[in-house]
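The values are calculated or read from the model by the stated rules, or taken from the named source; none is laboratory data. Worth saying up front: this structure is predicted, and the values here are computed from it rather than measured. Note: ideal-geometry Cβ built from the backbone for every residue, glycine included; neighbour counts use all protein chains shown.
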Amino acid sequence: MKILYIIRHAKSSWKFPELSDHDRPLNKRGKRDAPEIGKRLQRQGVSPDTLISSTANRAYTTAQKIAAEIRFPSSEVVPSSDLFHADPSEILEVIQGVSDEYHSAMIFGHNPGITWAANQLGNLNIDNIPTCGVVAISFSVNRWSELGFGKGALMFYDYPKRII
């Protein structure tokens, strides 16, 4: 069994138009939402074996803030340029490359690819994973390379504005 947590980056700032899309930071809401989602995950006992994040500032910062809340060493968050605006096939390729020693993995990326990948992996019908939304999917496989579209089962779906 493998467990995958798919997270869209928290809300980003458009305050600095001179910055490239890759370098945009989180805005005030994003800085608030990422730790809140991290706390929710920590309360659920979520403790992934690896965190892999797009190298974009907004995604990597989201990963760092959530890592702090779930007590995952921030220095061990793996940056992956392959997740920056990746499509579902590219996201699947990153996931299939995770070491089989890991039981669970958390990835941080961008829409629309993150929503499309979650839907395809878990046979879901989510219109749009909102910023800082998380989809947890389990797979009855022994190796990450065995993951494929349509093979997962939804464990939970959460996002900042969801009433809990």
If I ask for residues that are in contact with a helix residue (DSSP H, G or I) (Cβ under 7 Å, 6 or more places away or on another chain) and exposed (fewer than 13 other Cβ atoms within 10 Å of the Cβ), which ones from region 122-132 would you list?
Asn125, Asn128
Looking only at residues in region 133-164 that are in a loop (DSSP other than H, G, I, E, B) and of a type in the set (Phe, Trp, Tyr), which one is nearest to Ile95 (Cα to Cα)?
Phe149
Take the residues in region 135-164 that are free of Cβ contacts under 8 Å to residues at least 40 places away in the same chain and of a type in the set (Gly, Ala, Ser), then tell me which one is nearest to Trp116 (Cα to Cα).
Gly150
Go through (1) at pLDDT below 95; (2) among the β-branched types (Val, Ile, Thr); (3) surrounded by 13 or more Cβ atoms within 10 Å (Cβ to Cβ) for Ile164 and report which single condition fails.
(3)
Selected residue (criterion: farthest from Gly30 (Cα to Cα)) from residues of region 103-145 that are among the hydroxyl-bearing types (Ser, Thr, Tyr) and under 16 Å from the mean Cα position of the chain (by Cα):
Ser138
Considering each residue of region 1-28, count those that are of a type outside the set (S, T, N, Q), in contact (Cβ under 8 Å) with a residue 60 or more places away in the chain and surrounded by 14 or more Cβ atoms within 10 Å (Cβ to Cβ), and give that number.
11
List, please: which pairs have Cβ atoms under 7 Å, are six or more places apart or on different chains, and start with a residue in region 81-108 that is touching a residue at least 12 places away in the same chain (Cβ under 8 Å) and end with one that is hydroxyl-bearing (Ser, Thr, Tyr) and part of a loop (DSSP other than H, G, I, E, B)?
Ser81/Thr55; Phe84/Thr55
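Give Arg71, Arg40, Arg8, Arg32 a once-over and let me know the one that is under 13 Å from the mean Cα position of the chain (by Cα) and of a type in the set (Lys, Arg).
Arg8
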Just the residues that are in a helix (DSSP H, G or I) and either polar (S, T, N, Q) or surrounded by fewer than 18 Cβ atoms within 10 Å (Cβ to Cβ) (or both), please, taken from region 93-104.
Glu93, Gln96
Only one of (1) surrounded by fewer than 18 Cβ atoms within 10 Å (Cβ to Cβ); (2) within 19 Å of Gly38 (Cα to Cα) fails for Val135. Which number is that?
(1)
